[in-house]
1. Tell me which of these residue A:90 doesn't satisfy, since it passes every other one: (1) more than 21 Å from residue A:59 (Cα to Cα); (2) within 14 Å of chain B (Cβ to nearest Cβ).
2. Give B:44, B:14, B:64, B:6 a once-over and let me know the one that is farther than 30 Å from residue A:104 by Cβ and either at pLDDT 95 or above or assigned to a loop (DSSP other than H, G, I, E, B) (or both).
3. If residue A:60 passes every condition in (1) touching a residue at least 24 places away in the same chain (Cβ under 8 Å); (2) buried (at least 16 other Cβ atoms within 10 Å of the Cβ); (3) touching a helix residue (DSSP H, G or I) at 6+ places or on another chain (Cβ under 9 Å) but one, which one does it miss?
4. Conditions: (1) over 23 Å from residue A:70 (Cα atoms); (2) more than 12 Å from every other protein chain (Cβ to nearest Cβ). Residue A:85 meets all but one. Number of the miss?
5. Looking at segment B:34-48, which of its residues are over 14 Å from residue B:7 (Cα atoms) and in contact (Cβ under 8 Å) with a residue 24 or more places away in the chain?
6. Inside segment A:123-139, can you point out the residues that are touching a helix residue (DSSP H, G or I) at 6+ places or on another chain (Cβ under 9 Å) and within 14 Å of residue A:164 (Cβ to Cβ)?
7. Can you list the helices (runs of 4 or more DSSP H) found entirely within segment A:119-226 that contain at least 3 residues being within 14 Å of chain B (Cβ to nearest Cβ) and under 24 Å from residue A:104 (Cα atoms)?
8. How about segment A:104-114: which of its residues are more than 17 Å from residue B:22 (Cα to Cα) and within 14 Å of chain B (Cβ to nearest Cβ)?
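The values are calculated or read from the model by the stated rules, or taken from the named source; none is laboratory data. Everything numeric in this text was worked out from a predicted model, so none of it was measured. Quick reminder, even Gly has a Cβ in these numbers, built from the backbone with ideal geometry, and neighbours come from all protein chains shown.
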């Protein structure tokens, strides 16, 4: 399993994402100008401030050359994980439903939260237990998940809500406590909390490893996708 | 031609920046101000107004969370006149 971690100008969690992925498989960096994803089995769009968050978080990054290749990769069923700013990028690109708004409290939040795994039938949660509580940090300014009510209803009906903040842990006013969602095909997953910052007990939790391990345990080699 | 695009959070979406501004006003002695919404203004020059709508839909605004309004400057020259025209529209 080869993970590819995308580096945009302004990414800052790319190295942690690489280290997290490295615990479950092999991992290498991709540059935002790359358009060739051959040999990559899973893509990670990391956190940070791609293109300085100009205009809106993720709005400019979605037009970078690599994102065209990521959209094709996702359309072929390739697993794609968006973390924090990566989640914002995937929403802006239309690969995931919804949008991330400025935190309801208008403050940057940086703390450990408890997140519940609601769906284990996605590319990145197959190795988690249903209802498992993961201790993972959040650190963001614009992490309030939003979608119109009818879209939220459809997401819940389709089982596309993958992670919810545990009761009392919603740090940003996200609609219905949603911390992460997936695409209809269940191969694209995005979340605001940072699993790549929770990969070593030394830093308080290694619960985040399970996301990388899940996709590594159910490999879908690039060759098989054609 | 010159144009301005006004982008604001959709009605019904909590705008914490607007709320923060609204809460600050009474402390400064400004009473009776409510429903403050904070958006952004994009000024641009374009060869033609035809693509401005698509440009807003694809990049300047996220239609899921934001409304936008395109204002094409009517009086382009001279610069002083343009400024006055802009001020009138704002009132």
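1. For residue A:90, the exception is condition (1).
2. Details: B:14 fails: farther than 30 Å from residue A:104 by Cβ; B:64 fails: farther than 30 Å from residue A:104 by Cβ; B:6 fails: farther than 30 Å from residue A:104 by Cβ.
From the options B:44, B:14, B:64, B:6, the qualifying one is B:44.
3. With (1) touching a residue at least 24 places away in the same chain (Cβ under 8 Å); (2) buried (at least 16 other Cβ atoms within 10 Å of the Cβ); (3) touching a helix residue (DSSP H, G or I) at 6+ places or on another chain (Cβ under 9 Å) applied to residue A:60, the lone miss is (1).
4. Exception for residue A:85: condition (1).
5. Those that are over 14 Å from residue B:7 (Cα atoms) and in contact (Cβ under 8 Å) with a residue 24 or more places away in the chain: B:45, B:46, B:47, B:48.
6. A:125, A:128, A:132, A:134, A:136 - these are the residues of segment A:123-139 that are touching a helix residue (DSSP H, G or I) at 6+ places or on another chain (Cβ under 9 Å) and within 14 Å of residue A:164 (Cβ to Cβ).
7. A:149-157
8. Scanning segment A:104-114 gives A:108, A:109.
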